[in-house]
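The values are calculated or read from the model by the stated rules, or taken from the named source; none is laboratory data. Quick caveat, the model's predicted, so the values are computed rather than measured. Because the Cβ atoms are built from the backbone with ideal geometry, glycine has one as well, and the counts that use them run over all protein chains shown.
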């Protein structure tokens, strides 16, 4: 009986020693695995912007030192959709998420290829890496990816008219269609930014697929300085920052032809009854005499006739003075 108790106590002692050695060995192994002072570091490259319909390449790079990989996972938000486990066959496993299409031919333990991306794939993507036994150290890294939609066409300009006169009010609209994010519209007049007072409020519309359309306009009174050789060039620029898209469209607005002075023959014959003139101001701001203006040649002709037929001295000079004075009163000057 005494012998049995002694044996039992000895067994318990050696069992405890054995367990202690296992614990010590395990701690030593863990210490070696962690390599005190070093962490499991990973680097993630996720494209900040990718165009709708393109293939997005996401990379997760990590340094395991002398350890082995247990598993590498990808998450969209908080949902896992990709897992690489080298001990399993096949090593790649995917989990269905709406809008996500994994290209298995391009994906592996460090690369993830997402084919035919759409706008719903804009999200934060996380890579999670775990070492194999015995420590199972895990590290995670997250980055944002934005899927953008580029306008299919250049901005479209809608002018009320293509020809204007000085003093007219010009209204012009420019539309950039269906993009995500919405484009920014800027205007140039003859290559220079337009005055802020020319701009009209922007109008924005969102489609069911979250793509947006923007319309921005100009409204201003036409001045002489707006023309270069009787032409005004308006440019509408649509941009998506940073440097994702830049489209531009030009339009030429011409100045109405300026009224011309009538010919010498027509001027005298087209005078209104009563000798009153019908003068108007030209849109260009220069002197404008219409059919009421008496040509210089006709003035001299009238002066000669008056001098030869009159019996009173000085009558020709007086008649010339009257005609010339009446001509001046029918002329109008306009200064811009």
- Taking strands (runs of 3 or more DSSP E) that do not extend beyond the stretch 61-104, which have at least 2 residues that are in the same structural domain as residue 120 (by TED's automatic domain parsing), buried (at least 18 other Cβ atoms within 10 Å of the Cβ) and in contact (Cβ under 8 Å) with a residue 24 or more places away in the chain? 69-76, 79-84
- State yes or no: is residue 147 part of a loop (DSSP other than H, G, I, E, B), touching a residue at least 40 places away in the same chain (Cβ under 8 Å) and within 32 Å of the chain's Cα centre (by Cα)? no
